[in-house]
Amino acid sequence: MEAKKILIVGAGYAGLNAYYELGKHLDKTLIADKAQFIFYTAYLQKLIFNKSIQYATNIKPTIINKVKEIDLERKIVKIENGTEIQGHKLILALGCKRESQLDIIRKIIEKDRVSISVENYLDEYLGIQLAFYLRKLNKEVSYYGPVLKWLGEKVSSKVLEFLEKNGIRLSEKSDDIIPACEPNEVIGDFLPVNDKLEYKNGVFVIGDMIKNYPKLGELAMREGVYVGRLLSKKINESFRPIFINIIDTGKGEAIHIRSNILWNGNFESVKVSKIRVIMKRFIERYYIIRKGKMGVLYKL
């Protein structure tokens, strides 16, 4: 066993980017239950519009096996075949379980009249995007929720403007509630982190496993890049979270949101343009080609 091995458990948005960013001189092991990366932004389009769009790509984890147990104190990962792997550092990137979310979305898509809300307000970006897409299909759509006020008044006002512009009314209740994603069964809970995304000494948590963070792919990738750079000793500063998302209105324009208000910051930016629709389509293809690697998009 290598004394300085870094274990990354999970190969989604966060885990892959941590693995990619770790220096080549480091002994790193990426453990995943499948050799596939799914970009859910593209998958949502496939699901709703039945488009011929590539939303998954093959990847090459070090170990492909299901994780059965994790000893956080000793940093030991036990996989399904009985093998135990111990690391000097442990990066948890197991994501969350989205099966119930996707099941409900599939049922909502089949309806002609929908009233959408989300169980967890931090998933609002998903509910609002779904509302715009369904309106594009000429369904009768309403939305219930704070409309991203937690990202700032400018953001909320602009999204409200475009909901109204697209014929999506606000309702006082919802019949179609998108459930929150559930904690991965191996750990069984979402975990708090410090300013360097560390849960406890030598154990880092990134992506959807972080407690009270939005379950957002772009943010998860940033977390992965950050921890990879931190453990490679390229940086030593605290992680600075920011919410970045592009919502396609379905009418040839998209709303580009950037905000750190959720983390007690004072920055919010919201811009709307046709070019941002092109940006969203580009991003959907970029991450498939790059096999989930954030690369230059980290600077956007």
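Coordinate-derived values only; no laboratory data. Quick caveat: nothing in here was measured; it's all calculated off a predicted structure. Don't worry about glycine lacking a Cβ; one is built from the backbone with ideal geometry, like all the others, and counts go over all protein chains shown.
Quick one: helix 153-165 against the long Cα principal axis of the chain, what's the angle to the nearest 10°, folded into 0 to 90? Approximately 50 degrees, to the nearest ten.
Quick one: compute the contact order of the chain, relative version, from alpha carbon pairs under 8 angstrom and 6+ residues apart, as a percent. Walk me through the intermediate numbers first.
On the way: 608 pairs, mean separation 65.7, N = 300.
Once divided by the residue count of the chain, the mean separation gives 22 percent.
Taking 0.36 nm per residue of sequence separation and removing the Cα-Cα distance, the LYS211/ASN81 pair yields an extension gain of 43.8 nm.
Taking the beta-carbon count within 10 Å as an exposure proxy, list VAL159, VAL67 from fewest neighbours to most.
Numbers: VAL159 25, VAL67 22.
If I rank by nearby Cβ atoms, fewest first, I get VAL67, VAL159.
Compute the whole-percent fraction of alpha carbon pairs in region 25-144 spaced more than 22 Å apart. Cα-Cα pairs of region 25-144 separated by over 22 Å account for 51 percent. Close amide H pairs (under 5 Å, H built 1.01 Å from N) link LYS28 with ILE6, residues at least 5 positions away or on another chain. Loop-located chymotrypsin sites (Phe, Trp or Tyr not before Pro) in region 192-285 (DSSP state other than H, G, I, E, B) with a sparse environment of at most 15 neighbouring Cβ atoms within 10 Å: PHE267.
Where does the chain land at 222 nm, in deg cm²/dmol rounded to the nearest 500, when only DSSP H runs of n ≥ 4 count, each adding -39500 (n - 2.57), divided by all residues?
Working: 7 runs with 86 residues, N = 300.
Estimated from H runs of four or more residues: -9000 deg cm²/dmol.
Binning the C-alpha pair distances of the chain at 20 Å intervals from 0 yields a P(r) profile of 34, 56, 10, 0 %, listed from the shortest bin outward. Give me the log10 of I(q) over I(0) for region 1-96 at q = 0.17, 0.23 Å⁻¹, as the Debye formula computes it from C-alpha points; what are the numbers? Cα-only, vacuum Debye calculation for region 1-96: -0.74, -1.16.
Assuming R0 = 22 Å, what is the FRET efficiency of GLU161 and SER269, from their Cβ-Cβ distance, to the nearest 0.05? Walk me through the numbers before you get to the answer.
On the way: r = 16 Å, r/R0 = 0.71.
Here the calculated transfer efficiency is 0.90.
Karplus-derived 3J(HN,Hα) values for region 233-240, using 6.51 cos²θ - 1.76 cosθ + 1.60 with θ = phi - 60°, are 6, 7, 9, 9, 7, 5, 6, 10 Hz; glycine and proline are entered as x. Shown for VAL77, VAL270: other C-beta atoms within 10 Å of each C-beta, ranked fewest to most, produce the order VAL270, VAL77. Centre-to-centre separation between the Cα atoms of region 126-140 and those of region 7-47: 29 Å. Between the helical axis of 124-136 and the longest alpha-carbon principal axis of the chain there is an angle of about 40 degrees.
Can you check what the net charge comes to around PHE243, using other residues whose Cβ is under 11 Å from the Cβ of PHE243 (Lys, Arg +1; Asp, Glu -1)? Summing Lys and Arg as +1 and Asp and Glu as -1 gives -1. Temperature 37 °C, viscosity 0.692 mPa s: under these conditions the Stokes-Einstein estimate for region 192-283, based on its Kirkwood radius over C-alpha pairs, is 225 µm² per second.
Taking 7 Å steps out from each Cα toward its Cβ at LYS200 and ASN120 produces label points 2.2 nm apart. Relative to the dominant Cα principal axis of the chain, helix 217-231 is inclined by about 20°.
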